[in-house]
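Take a look at the structure below.
Only the coordinates and a few stated rules stand behind these numbers; no lab work does. Since the structure is predicted, the reported quantities are computational estimates derived from the model, not experimental observations. Neighbour counts run over all protein chains shown; Cβ positions are idealised from the backbone, glycine included.
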Amino acid sequence: MSDTYQIRIISSLKDVKADDWNALTKGAPVNPFVHHEFLYALEASKSAVAETGWMAQHLLLETSEGELLGALPCYLKNHSQGEYVFDHGWADAFERAGGNYYPKLQCSVPFTPAAGPRFLVPDCDNREARLTALAQGLRQLCSKLPVSSAHITFMEEDEWGFAGKQEYLQRTDQQFHWINSGYKTFDDFLAALSSRKRKNIKKERKTALQDGDITIDLLRGEEITERIWDRFFAFYMDTGSRKWGTPYLTREFFTLVSQAMPERTLLIMAKRNDEYVAGAINFVGDECLYGRHWGCLEDHPCLHFEVCYYQAIDYAIQHNLKRVEAGAQGAHKLARGYLPVTTRSAHWITHPGLRDAVEDYLVHERREVDRHNRMLGEHAPFKKAE
């Protein structure tokens, strides 16, 4: 790219040392999903590989001597599955007009709708120059490959603003996060709610545990045996089949990621008659608990709320985490103390006609997302004084 920087594309994370990759995020709160260990577990388990439509095309920003200065996790894709930022309408419109929307480039963590850094650049004096080099490198990759577009999804707000200055199209969406307002106990959190919402949560927790004779285990690291992973994988597969879809993650992924990141992997498991009947996997960041996958082999009223929402809140309070992110979508989370927040993505589209049409659409979509978030925020379950 210049005498100072060069872009190198790698098709496997084996081609970069884990310590070098992870050093790009040092100084920032840990987001486990962008660490080499998590991304490589997706690759090594054959969950996110070319055969499943996720061909790695990771961008490395290096000096002419090969020193790693930055990176952008990126995949060449021939579908839009496992992304949680939906562009099926764009693909359909472009193909109806005679274009080829696929393949495309996807800069994201596969199957993970959690915001985090995408331009992996450490805090340094020439950070903006490195960011610019990566943004330009992605556009150049689009010009060299037969792709319609590049999509950087679930970005952090500052990166999103930077991408807009680089002429990437800006998109917003909505999730629901629980925010820790300095609570010391779960009861402190309940006390901040309106009376009706507080009573409802107490009733749901009682229904989930006492009425079903359920106990909850929180497991980390070596506490999670292969037998427990087998059981959780059965939960995960059951959820996938209920949604008439194909689960994205292989059984091997769970073993690999827990071995590579034992301190970052948390299972919340529900037990009845000494047998696990439901559970959820979470990943632990420095500031956030990320709830990911849930499943069950027995149906119990309110158990999903207890395992995925209330246990996560309790864990975050006990460990002084700032928030809980419980995955994509779900306005029902509002009544359980999760508030609407804005998620962000940036898009580079090579065809002028498609770019103009999408840009016009995004103006209206951003306005609607903002309006909807404000409307839902007015119906938050907290006491009106707050």
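Take every pair of alpha-carbon atoms less than 8 Å apart whose residues are at least six positions apart; their mean separation over the length of the chain yields a relative contact order of 20 percent.
For the range 168-280, the gyration tensor built on C-alpha atoms gives an oblate shape. Its axis ratio a/c (a ≥ b ≥ c) is at least 1.5, and a/b is not larger than b/c.
With 20 Å as the limit, write out which pairs from 202/333; 206/383; 202/383; 184/322; 206/322 have Cα-Cα distances beyond it, or answer none. With Cα atoms farther than 20 Å apart: 206/383; 206/322. Towards the positive end of the charge dipole of the range 181-321, with charges on Cβ (+1 Lys, Arg; -1 Asp, Glu), say which of 256, 210, 190 has the farthest Cα. Most positive-ward Cα: 190. Electrostatic tally near residue 221: other residues with Cβ closer than 15 Å to its Cβ, Lys and Arg +1, Asp and Glu -1, net -4.
Rounded to the nearest 20 debye, the dipole magnitude of the range 181-321 is 680 debye, with +1 charges on Lys and Arg beta carbons, -1 on Asp and Glu beta carbons, and the Cα centre as origin. Using the Cβ atoms and a cut-off under 12 Å, what net charge is assigned to the surroundings of residue 340, where Lys and Arg are +1 and Asp and Glu are -1? Result for the neighbourhood of residue 340: 0. In plain terms, the residue of 119, 382, 86, 33 with the fewest other Cβ atoms within 10 Å comes first and the most crowded comes last, giving 86, 382, 33, 119. Summing +1 for each Lys or Arg and -1 for each Asp or Glu, what net charge is found among the other residues whose Cβ lies under 11 Å from the Cβ of residue 325? Neighbourhood net charge equals +3.
Please work out whether the range 215-325 counts as rounded, prolate or oblate from its C-alpha gyration tensor, where a ≥ b ≥ c are the square roots of the eigenvalues and a/c under 1.5 means rounded, while otherwise a/b larger than b/c means prolate and anything else oblate? Cα axes put the range 215-325 in the rounded bin.
Normalised by residue count, the chain yields a Cα convex hull volume of 145 Å³ per residue.
Of the peptides 329-342, 215-228, the order by per-residue mean of other Cβ atoms within 10 Å, starting with the highest, comes out as 329-342, 215-228.
Pairs 144/165; 14/271; 104/165: which are spaced more than 31 Å apart, C-alpha to C-alpha? Listed pairs above 31 Å: 14/271.
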